[in-house]
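The values are calculated or read from the model by the stated rules, or taken from the named source; none is laboratory data. What you are looking at is a predicted structure, and each value in this text was computed from that prediction instead of being measured. When we count neighbours, we look across all protein chains shown, and the Cβ atoms used for this are built from the backbone with ideal geometry, even at glycine.
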Amino acid sequence: MLRPAGTLLRLLATLALTFLGLLVVTFLIGRVVPVDPVLAAVGDRASPAVYARVRAEMGLDLPLWQQFWHYLVRVLEGDLGQSVLTAQPVLTDILRVFPATLELATVATLLGVLLGVPMGVIAAVHQGRWPDQVIRLLGLVGYSMPIFWLGLIGLLVFYARLEWVPGPGRLDVFYDDLVPSVTGVLLIDAALAGDWQVWRNALSHLVLPASILGYFSLAYISRMTRSLMLEQLRQEYILTARVKGISELRVIWRHALGNTAVPLVTVIALSYANLLEGSVLTEIIFAWPGLGLYITNSLLNADMNAVLGGTIVVGCVFIGINLLSDVLYRTLDPRAR
């Protein structure tokens with residue numbers, strides 16, 4: 001009974017230290033970046049008396065260790081400060097914009113998994129032949145091309161020339177505020193409201209940016225699946241299964257792929273976390289009102305509370321997804337328990 005308790009305590013200690021390290025990094029970034037938060041709040045025409053008063057209210061006149069202690073307490077209480085740009089609490093802003101990023105990254109990851117895993121398996125089975133070469137080429141292109149360039153080309157071809165998809169944004173202006181925001185994810189909210197016109201319009205806006213991000217995810221997942229499958233196909237149990245007369249499809253898709261499930265979970269989890277954090281350029285190009293666009297606009301307007309708050313949320317997402325992948329790893333593989 002002590003072993004699971006000890007494992008849980010070690011896990012909690014690791015999470016606490018990781019979160020503390022994240023707060024230390026964000027705090028130091030806020031002090032090192034050459035942006036004066038007081039000037040951002042009061043403007044460059046404020047009198048010295050107003051400047052000094054606001055500086056004292058922000059606690060910037062205290063010793064560094066005391067500033068960090070106050071910062072730590074506020075974050076643990078859920079207070080990420082107030083945004084200069086929106087004049088609202090940063091946490092309120094993040095809760096408003098994060099569902100858009102979650103929707104985009106989730107659909108992109110689903111595309112990457114549903115296409116990338118079978119492509120990786122096919123490439124491994126046909127190693128060195130034309131299917132393998134084609135899939136590896138697609139993966140190489142996905143890795144090599146900058147995602148902002150793919151986004152611009154996608155808009156030029158599919159929106160401006162072919163007119164297959166609508167323009168940037170999550171919805172056409174006509175459909176704004178027609179469905180109540182329950183989850184913040186438009187596809188779910190429109191479905192809950194039964195407004196299928198809004199749902200179709202939201203889906204049409206989602207197709208192109210999610211495909212661009214999904215292609216990036218597909219390139220990574222297919223490459224890793226191919227590598228994992230090649231390792232499994234060389235194992236003796238595969239040869240034994242074939243000697244026993246088990247069908248090739250079952251050997252590949254059940255036995256070999258089944259044994260790659262454990263490391264593949266980690267690959268998919270990391271890909272998902274990277275999309276949640278790395279969709280900044282895609283959101284800027286497609287005017288997607290998510291966390292990446294929010295952090296970028298805040299940085300351009302010297303709104304450091306919003307920038308650091310968004311950074312903390314991204315870090316917490318990475319911690320949470322890594323924890324989830326670790327739990328799934330232990331669930332799927334009893335040897336890791």
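Details
- Helices (runs of 4 or more DSSP H) enclosed by the stretch 260-337 - at least 3 residues per element that are under 29 Å from VAL121 (Cα atoms) and modelled with pLDDT under 85: 261-278, 304-332
Results for (1) more than 20 Å from ALA105 (Cβ to Cβ); (2) surrounded by fewer than 22 Cβ atoms within 10 Å (Cβ to Cβ), shown as yes or no for each residue.
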| residue | (1), (2) |
| --- | --- |
| ALA191 | no, yes |
| TRP196 | yes, yes |
| VAL207 | no, yes |
| GLY214 | no, no |
| ILE221 | no, no |
| THR225 | no, no |
| ARG234 | yes, yes |
| ARG242 | yes, yes |
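- Of residues in the stretch 112-140 being of a type outside the set (A, V, I, L, M, F, W, C) and within 22 Å of GLU277 (Cα to Cα), the one surrounded by the fewest Cβ atoms within 10 Å (Cβ to Cβ): GLY139
- First in the stretch 161-189 and in a loop (DSSP other than H, G, I, E, B), second anywhere and basic (Lys, Arg), Cβ under 8 Å, 6 or more apart: GLY184/ARG96
- Number of the condition not met by SER144 [criteria: (1) within 16 Å of TRP288 (Cβ to Cβ); (2) surrounded by fewer than 16 Cβ atoms within 10 Å (Cβ to Cβ); (3) under 23 Å from the mean Cα position of the chain (by Cα)]: (1)
- Residue, surrounded by the most Cβ atoms within 10 Å (Cβ to Cβ), within the stretch 86-111, restricted to residues that are of a type in the set (S, T, N, Q) and in contact with a Gly (Cβ under 9 Å, 6 or more places away or on another chain): THR101
Every residue, every condition in (1) basic (Lys, Arg); (2) within 22 Å of ALA105 (Cβ to Cβ), yes or no:
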{"residue": "PHE148", "(1), (2)": "no, yes"}
{"residue": "GLY151", "(1), (2)": "no, yes"}
{"residue": "TRP164", "(1), (2)": "no, no"}
{"residue": "ARG170", "(1), (2)": "yes, yes"}
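- The residues on offer are ASP44, ASP93, and the sole one that is more than 27 Å from THR266 (Cα to Cα), modelled with pLDDT of 80 or more and not β-branched (Val, Ile, Thr) is ASP93.
- Residues located in the stretch 97-141, provided they are among the polar types (S, T, N, Q) and closer than 23 Å to ARG254 by Cα: THR109, GLN127
- Among the residues of the stretch 71-85, those that are loosely packed, with under 13 Cβ neighbours inside 10 Å and either assigned to a loop (DSSP other than H, G, I, E, B) or modelled with pLDDT under 85 (or both) comprise GLU77, GLY78.
- Selection within the stretch 244-290: residues that are small (Gly, Ala, Ser) and within 26 Å of THR101 (Cβ to Cβ). The member of this set that is surrounded by the most Cβ atoms within 10 Å (Cβ to Cβ) is SER279.
- Qualifying residue in the stretch 158-181 (condition: of a type in the set (S, T, N, Q) and closer than 20 Å to LEU213 by Cβ): no
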